[in-house]
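K.L.:
Mind looking over this structure? Questions follow.
The values are calculated or read from the model by the stated rules, or taken from the named source; none is laboratory data. The structure presented is a predicted model; accordingly, all values stated were derived computationally and were not measured. Cβ coordinates were reconstructed from backbone atoms using ideal geometry, including for glycine residues, and neighbour counts include every protein chain displayed. Note: accessible area is taken over every heavy atom of the protein model, side chains too, but ligands, DNA and RNA are not part of it. Shrake-Rupley method; radii C 1.70, N 1.55, O 1.52, S 1.80 Å.
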Amino acid sequence: MAVAQTNQEPPKDLQTLLPPLPQCWWASADLQQELYHHLAAYVPRIFLGRGEGNSREEQKEELACQLLLLAPLEWLLLGEDPASGLALLQENNCPSALCGHVFKVGEPTYSCRECAADPTCVLCMQCFLESAHRQHRYRMTTSGGGGFCDCGDTEAWKNAPWCQKHARVDGHTEEVRKVFFIILKYAVDLLTWEQEDQLPAGLEERADTYFCVVFNDEVHTYEQVIYTLQKAVSCSHKEALSFATAVDREGRKSVRFGDFQFCEQAKSVIVVNSASLIQRNKSRQSKPLRVQVMHSSVVAHQCFALKTLKWLGQIIKYSDGLRRILCQVGLQQGPEGENSSLVDRLMLNDSRMWKGARNIYHQLLMNSVLMDLKFKKIFAIQFAKNYRSLQTDFLEDDHERVVSVTSLSVQLFTVPTVGRMLMVEENLMTTIIRTFVDHLRHRDVHGRFQFDRYTAQQAFKFGRVQSLIGDLKYVLISAPSEWSDSLRVKFLEGFDAVLDLLTCMQGMDPVVRQVGQHIEMEPEWEAAFTLQMKLTHIISMIQDWCSTDERVLIQAYRKCLSALTQCHGGLLDGEPPVSLSMAGHCVETFRYQVSQDKVSIHLPVCRLLAGLHVLLSRTEVASRFPDPHLLIELPLRCLVLCAQVHAGMWRRNGFSLINQIYYYHNVKCRMEMFDKDIIMLQAGASMMDPNHFLMMVLSRFELFHIFKFCSVPTRSVSVSAPQDFVQQNTLIEEMLHLIIMVIGERYVAGVGQVEPLEEVRREIIHQLSIRPMAHSELVKALPENGNKETGLERVIDSVALFKSPGVTGRGLYELRPESFKHFNLYFHHYSRADHSFAVSDLSRDPAVALPPPLPPPLCPLFGSLVNLLQCDVLLAVESAVLQWAMEPGGGGWTESMLQRVSHVTVLCSGPGEAPTSSGSILALLETLQNAPHLEVHKDMITWILKVKRTSSLMREKEKAERKRKAEMARLRREKIMAQMSEMQKNFINENKEMFQQSGEEMGVFPSLELTCASQVCVGPRRVGGSERRQQVICILCQEEQEVTGVGQAMVLAAFVQRSTVLSRNRHCSLLTPTLSVATSCTPAAGRARSLCSSRYFEAVQLKEQRRQQRLRGHNSYDVENGEFLCPLCECLSNTVIPLLPHTPLPDHRYKTSQQVESLNSAPRKQSPFSISICEMIITFSMSVYKVGLKTNPNEQDHRVPVLSWSTCAYTIQSIERLLMDEDKPLFGSLPCRQDDCLSALTRFSSACWASVPLRTVHAHLSRLLTVLLPDPPVENAPCILHVDMFHLLVYAVLSYNSLHSTEPSGPSVDSSHVHLLHLITVAHMVQILLTSVTGETAAATEELECKSSSSHSTKSVVLPDVSSGWQLLHRLKVGLLPFLRAAALFFHYLNSSVPPTDLMGECSSAGVSSGRCSAATSVCPPTCETRCLCRYRWCHHPALKHTLQGGGDFIRFPRESNRLIDLPEDYSVLINQASSFTCPRSGGDKSRAPTLCLVCGAMLCSQSYCCQVEFFPSMNCHLTVVEGFEGSSSPSPVWGIPWQTDPSRLY
């Protein structure tokens, strides 16, 4: 909004510069001269030091510009105080019905899939939320910038064109028109000014100062510009970075200010350095940076010209009348004649302006001219008249299309009335196509496009010229419902231009089969297919236009057939006809072999004719053309080429041909390539004798000589050329498949009597027959129309069932059982892999699965296709294959041949199809039915015979046979059950003593139900822990092995990483309750032998090394860092955990004194594990060590066991917290993958002593005990508030286990475990009591009272009072619960105990809390010794008082879970917030890549050159979320702080 007034007083140095009153200007004879004189006096003085918007006194400059320049213009325009005048205009304004909101980059846009005229019709978020389209099916996307909201445009919407805010919508004086003209002319003159040291007439004011201005291009990189500016202007890297950012954002930037020689010197250095850098880097263009030395007054006036354009855009928002006056002024032609209006001058000089100027005047056009249909049509006419020159300038320019005036085509051509008006009046369709063809100048001698090895610059221009195809798509995106004669004439002229374009593509990139040696250089093929994919929707839209008018369709068909005839003109020159005879029929053709002559896969003219032929199925026009041989020739060649490639005959032609065949069948191209070739063959077959058609097919497949003599019963393999024989078999299979497709593919409206949605339904059925698919997979597998619609939503519910997301995290569609009957084994869109998957996934009876479904009836134009099924040539081919199949070892046939012949035979059985096959075919099938080598095909052959003869006797025999087999199966089951029962009785009789003993042991427990009261997992009375045998199958070699301590190790794939998911303070050490940084373990599903796992990883490494560098894509794993994907579940892994057996703990015969003495004992026996297991223990230990400490492995480091124990404890705590937050039971809810991980990790941690000396473990245990038993006091012992008790419990238990791990009959361990649990639980309770302070007692903790003891002279800390004992007990229960849950998980996996049932069911948190804390009270009796220890040792630590008084960080229990911020329910709200974010370091520019921190909710800018260096390092929380910035000079830190490697910080 324009600022009319300001309460600030102008600076004293500006008060003397106040202009004369605007009333004086009106009194002058020449208003323009007075204004120019005023601008000439003040603009250079205000913008002199600014250069290009980077003044040292920016606020002063903005204030001066408003007071001295813009405010007088507002007075002049309104004739009164601008504040009141603008308010009055806004009050009396009748707003336009169009919204006109201009989208920013990244702003959300909405398009209604039901009501939008085309996908380019979009709404802004505000209009969408207030419109009826919110309840419809809609598509949300993000804008690339430059468009505006179409709310209120009646041509953009089929229904509800207005939102609730915009309803249905004069005059201003001639003085306003005059002011607008002067201001707009001033801006246009300055922005299109080409002289660097002079100004237009009336603005001259000389000065001797200049600017060296650098302009933006899309060739040089940031680094090159920064380096060049540092050399040229001797600035720092920071200043050069600021310059480069401004150049990229605004389009130009002044980098030096001074006299002419001073600036010219900098210019020469920039030009030389930038040119040398481009040549060194071999970029697509070798031009240097564009640099100009411009007079300071010229730069100043250009800066103010941009401000005036912004000001005009703000002023016209107050009044729709002002907007219309501005449109009239801008579009009015001058005295010079055509293209003399101010808007025309801006448009024609667009490529000469810098980026910032383009953006500003484009936005002004969208806010003014494009907001009114009347002025939009005037502007569109001028745009269409100058279309060729505008596109030429754009192609010569290097800026992106979004900042080019040509990008406004989407705002003009997509309006149906405007687009058709331009087509009729300006012949727009022809203009676009001619312009496109003219810029593709590379042709061969036959006039076809030739894309041979484009240079980098040519490839760049080819990419830019493709935008013209987008403009043609905009024109054709909406087919007319009513035609006028002039529209027919102009459309057919444009159709002629399209045919010229397609003629240039017909037969391009021909290939010849390489026979002698492999092709030396891969030919260029991508450009041709890129052009084909761009034109796919254009061709479909042209067919849609033709389908709406019969006259246009007939004329277009004739023109296309004439073009195809011309393309065939040179095919028959000099070629004598060849006569073919077979089965009593003769046909003449010409000699041609795909394997020897040139063949092309690009046949757009032929395929366009196929599409038009289908549209003519309701008329008889196509039947008047008698010669169909030319229709089928080229498509047949292309299909034979694909068959020969599949047969391996073109291997020496390299990957380029394979890629072309792939895209020929790909969903992006097949609709206008492969599918249209099949349709053209169907059209030709329906017009000619079926025997002649099949003879032509055999000839082009080069199989005619094989089937010519059908009396030969056998076909033996040639010894001299067995490979050729195999290739012939493949060609026969492909030929039979082609016949199946020509006869059976009828799901195209016009070929078969079907609806368009039936084709989509059939496609979905066959895609889901491969495997269940997600919605996104189905969308990608279906072809899109011009409006990007697939029709999936309309039919998916009728053929599929949606399964809710499971472990994979995504929902899948599964085919309904009743839809299996529509499955066709030879679906024409299946690749070989798809066919294999579909057949393997079918769980139905083969006799029902293989026969094809009943095809729909054919349309009259294609009705004669059924004659193929009864023709003599096809029967001869079938007879030959069936005769070959009688020889079991002849090699002249394949099972696939027999399946295809059976499929063709079944096609004859449908109603309305050809008569029954001849008696010879049925006789051969009867003979093959009992052939022993065809047992696999017996069901299919039997089914065919049953359908053909419909014999009731055969059905009765089959029924009796099934009944007999069922009776035999029942008798067999009864016999087996009797044998099993007898064996059980014998076993019980032979082992009576064992069953009696088992009964006595079970009698000890009155109930089999395990509850918290009866089930103990730690201590002498624990239940379970008996040795259990575990059988594991290796996923790589599929061999089963028992997990034991000897033999080869079994391993589990896992991923070890540094984690801060539980962190409350990342600047603390390892064992603190804040859990700053630790290693966690994430499991995979794969379990394998260690040797197999090593070989697998070596194979992955070798495969990665062998891949060429240019073919290496982005992988989700880093092989150099030891990462790989689990071969079973493909989870990311970087190590393996050894699977160790459960070893029962020793008995309980020794006293505690003996256990303490063992701390200083010498090492005893060697490790009980095999060498393989020990190696895997060391491997996993080193993986944890390397990841945790970020250092190289060192087996001698004393921290190795500590890191292993820490990983175990941290992983258990993370999983316990996850179960707690998700309100899941402690046991029974974990996936098997996590259950196996915790079991393997806990057992490994109890056995990791095998990788380190025992004295190291003893030293760790001694130091750990000093934390719990600080008597006598140890120097540097940690305070009780500085220790995480669960980590301490895990460390103490596992280190204590290692003392007796090699002596099965050693001291008791269970009793030690329960003592350690008692002691550490009491310590944790003290932590909770010390930190559980309410607001009322917070003041009491600041002054801790000290009391004397009768037996000690020391002083202890007294706990502050609480309001009630119930409150204290509640805090104790809640704080202790996570510790007890984690301890239960730990001892469960350590001792292999069976969990109680109440921990495996659905229990409320309150019940679990009550039960656990009651158990804790019984486990930890408050003895006198415990109270004394708590009072005189733990609470007397010197650091305790300092910590509680605020001198240090401590954690209150239970810990709060770290959570991400809450996101809005509507995703578009977040997108809209991101689009409005302004980069804090880019001068108010909208951020191109905003990033949201999910930890604190801050919106950041992730641009690599504006925010990465100075903004991010000061915010630790952002680093945990935002990682891997594009263009970052250093890897992004993920964890916030480095690992604490000081050994003294570990405790």
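K.L.:
Looking at region 105-138, which of its residues are open to solvent by 40 Å² or more (accessible area, probe 1.4 Å) and among the acidic types (Asp, Glu)?
P.N.:
Within region 105-138, Glu114, Glu130 qualify.
K.L.:
Return yes or no: is Leu277 within 20 Å of Leu69 (Cβ to Cβ), within 41 Å of the chain's Cα centre (by Cα) and surrounded by 18 or more Cβ atoms within 10 Å (Cβ to Cβ)? Can you show your working first?
P.N.:
Numbers: within 20 Å of Leu69 (Cβ to Cβ): no; within 41 Å of the chain's Cα centre (by Cα): yes; surrounded by 18 or more Cβ atoms within 10 Å (Cβ to Cβ): yes.
Considered against the rule, which asks whether it is within 20 Å of Leu69 (Cβ to Cβ), within 41 Å of the chain's Cα centre (by Cα) and surrounded by 18 or more Cβ atoms within 10 Å (Cβ to Cβ), Leu277 comes out as no.
K.L.:
For residues in region 1159-1172 being touching a Gly at 6+ places or on another chain (Cβ under 8 Å) and modelled with pLDDT under 85, which is farthest from Arg1089 (Cα to Cα)? Walk me through it before giving the result.
P.N.:
Keep residues of region 1159-1172 that are touching a Gly at 6+ places or on another chain (Cβ under 8 Å), which gives 1168-1170, 1172.
Going one step further and asking which of them are modelled with pLDDT under 85, we end up with 1168-1170.
Values: Pro1168: 19, Phe1169: 15, Ser1170: 14 Å.
Here the residue is Pro1168.
K.L.:
Scan region 820-837 for residues that are in contact with a helix residue (DSSP H, G or I) (Cβ under 8 Å, 6 or more places away or on another chain) and under 12 Å from Ser769 (Cβ atoms) and jot them down.
P.N.:
Phe820, His822, Phe823, Asn824, Leu825, Phe827, His829, Tyr830, Asp834, Phe837
K.L.:
Checking Asp393 against (1) among the acidic types (Asp, Glu); (2) modelled with pLDDT under 90; (3) closer than 28 Å to Gly251 by Cβ: exactly one of these is not met. Which one?
P.N.:
(2)
The rows are residues; the columns are (1) surrounded by 20 or more Cβ atoms within 10 Å (Cβ to Cβ); (2) hydroxyl-bearing (Ser, Thr, Tyr); (3) not in a helix (DSSP H, G or I).
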site: Leu322; (1), (2), (3): yes, no, no
site: Gly330; (1), (2), (3): yes, no, no
site: Gln333; (1), (2), (3): no, no, yes
site: Glu338; (1), (2), (3): no, no, yes
site: Leu370; (1), (2), (3): yes, no, no
site: Lys377; (1), (2), (3): no, no, no
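K.L.:
Then there is this: Mind listing whichever residues of region 541-558 are among the hydroxyl-bearing types (Ser, Thr, Tyr) and open to solvent by less than 20 Å² (accessible area, probe 1.4 Å)?
P.N.:
Kept after step one, since they are among the hydroxyl-bearing types (Ser, Thr, Tyr), are these residues of region 541-558: 547-548, 557.
The answer is Tyr557, and nothing else.
K.L.:
Go through region 1196-1305 and tell me which helices (runs of 4 or more DSSP H), entirely inside it, have 3 or more residues that are more than 26 Å from Val1032 (Cβ to Cβ), modelled with pLDDT of 85 or more and open to solvent by 10 Å² or more (accessible area, probe 1.4 Å). Break it down stepwise before answering.
P.N.:
On the way: elements: 1200-1221, 1232-1247, 1254-1268, 1285-1299.
Ranges flagged: 1200-1221.
K.L.:
Before we move on, is Leu322 modelled with pLDDT of 90 or more and among the aliphatic types (A, V, I, L, M)? Break it down stepwise before answering.
P.N.:
Working: modelled with pLDDT of 90 or more: no; among the aliphatic types (A, V, I, L, M): yes.
Spelling it out, it is not the case that Leu322 is modelled with pLDDT of 90 or more and among the aliphatic types (A, V, I, L, M).
Results for (1) over 36 Å from the mean Cα position of the chain (by Cα); (2) assigned to a loop (DSSP other than H, G, I, E, B), shown as yes or no for each residue.
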position	(1), (2)
Ser351	no, no
Gly356	no, no
Asn359	no, no
Ala384	yes, no
His399	no, yes
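A quick yes/no check of all residues on (1) at pLDDT 90 or above; (2) more than 17 Å from Gly684 (Cα to Cα); (3) assigned to a helix (DSSP H, G or I); (4) of a type in the set (Gly, Ala, Ser):
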residue	(1), (2), (3), (4)
Leu561	yes, no, yes, no
Val587	no, no, no, no
Gln596	yes, yes, no, no
Leu608	yes, no, yes, no
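K.L.:
Ok, one more. Can you say whether Ser389 is among the polar types (S, T, N, Q), open to solvent by 10 Å² or more (accessible area, probe 1.4 Å) and in a helix (DSSP H, G or I), as far as the supplied structure shows? Before you say what the answer is, go through the steps one by one.
P.N.:
Working: among the polar types (S, T, N, Q): yes; open to solvent by 10 Å² or more (accessible area, probe 1.4 Å): yes; in a helix (DSSP H, G or I): yes.
Criteria met by Ser389.
K.L.:
Right, next: Restricting to region 33-48, give me the number of residues that are touching a His at 6+ places or on another chain (Cβ under 9 Å) and open to solvent by 10 Å² or more (accessible area, probe 1.4 Å). Before the answer, list the steps.
P.N.:
Going through region 33-48, the residues touching a His at 6+ places or on another chain (Cβ under 9 Å) turn out to be 39-40, 43-44, 47.
Filter again for open to solvent by 10 Å² or more (accessible area, probe 1.4 Å), leaving 39, 44.
Looking only at that region, the number is 2.
K.L.:
Which of the residues that make up region 752-789 are in a loop (DSSP other than H, G, I, E, B), in contact with a Leu (Cβ under 7 Å, 6 or more places away or on another chain) and crowded, with 19+ Cβ neighbours inside 10 Å?
P.N.:
Listed by number, the list is empty, since nothing qualifies.
K.L.:
Next question, about the same structure. May I ask you to verify whether Glu264 is open to solvent by 20 Å² or more (accessible area, probe 1.4 Å), among the acidic types (Asp, Glu) and modelled with pLDDT of 90 or more?
P.N.:
Values: open to solvent by 20 Å² or more (accessible area, probe 1.4 Å): yes; among the acidic types (Asp, Glu): yes; modelled with pLDDT of 90 or more: yes.
Yes; evaluated as a whole, the condition is true for this residue.
K.L.:
Among the listed residues Met347, Met366, Met353, which satisfies the condition of being on the phi < 0 side of the Ramachandran plot, open to solvent by less than 10 Å² (accessible area, probe 1.4 Å) and touching a strand residue (DSSP E or B) at 6+ places or on another chain (Cβ under 6 Å)? Give the derivation first.
P.N.:
On the way: Met347 fails: touching a strand residue (DSSP E or B) at 6+ places or on another chain (Cβ under 6 Å); Met353 fails: touching a strand residue (DSSP E or B) at 6+ places or on another chain (Cβ under 6 Å).
Among Met347, Met366, Met353, only Met366 is on the phi < 0 side of the Ramachandran plot, open to solvent by less than 10 Å² (accessible area, probe 1.4 Å) and touching a strand residue (DSSP E or B) at 6+ places or on another chain (Cβ under 6 Å).
K.L.:
Which pairs do you get when a residue that is of a type in the set (S, T, N, Q), found in region 344-364, comes within reach of a residue that is surrounded by fewer than 23 Cβ atoms within 10 Å (Cβ to Cβ) and at pLDDT 90 or above, reach meaning Cβ atoms under 6 angstrom, with the pair 6+ apart or on two chains?
P.N.:
Hits for this filter: Asn349/Thr192; Ser351/Asp393.
K.L.:
Open to solvent by 60 Å² or more (accessible area, probe 1.4 Å) and either at pLDDT 75 or above or aromatic (Phe, Trp, Tyr) (or both): which single residue out of Phe823, Phe837, Phe827 fits that description?
P.N.:
Phe837
K.L.:
With respect to the numbered conditions (1) open to solvent by 100 Å² or more (accessible area, probe 1.4 Å); (2) at pLDDT below 65; (3) farther than 30 Å from Ser1392 by Cα, which one is the sole condition not fulfilled by Glu1001?
P.N.:
With respect to (1) open to solvent by 100 Å² or more (accessible area, probe 1.4 Å); (2) at pLDDT below 65; (3) farther than 30 Å from Ser1392 by Cα, Glu1001 is out only on (3).
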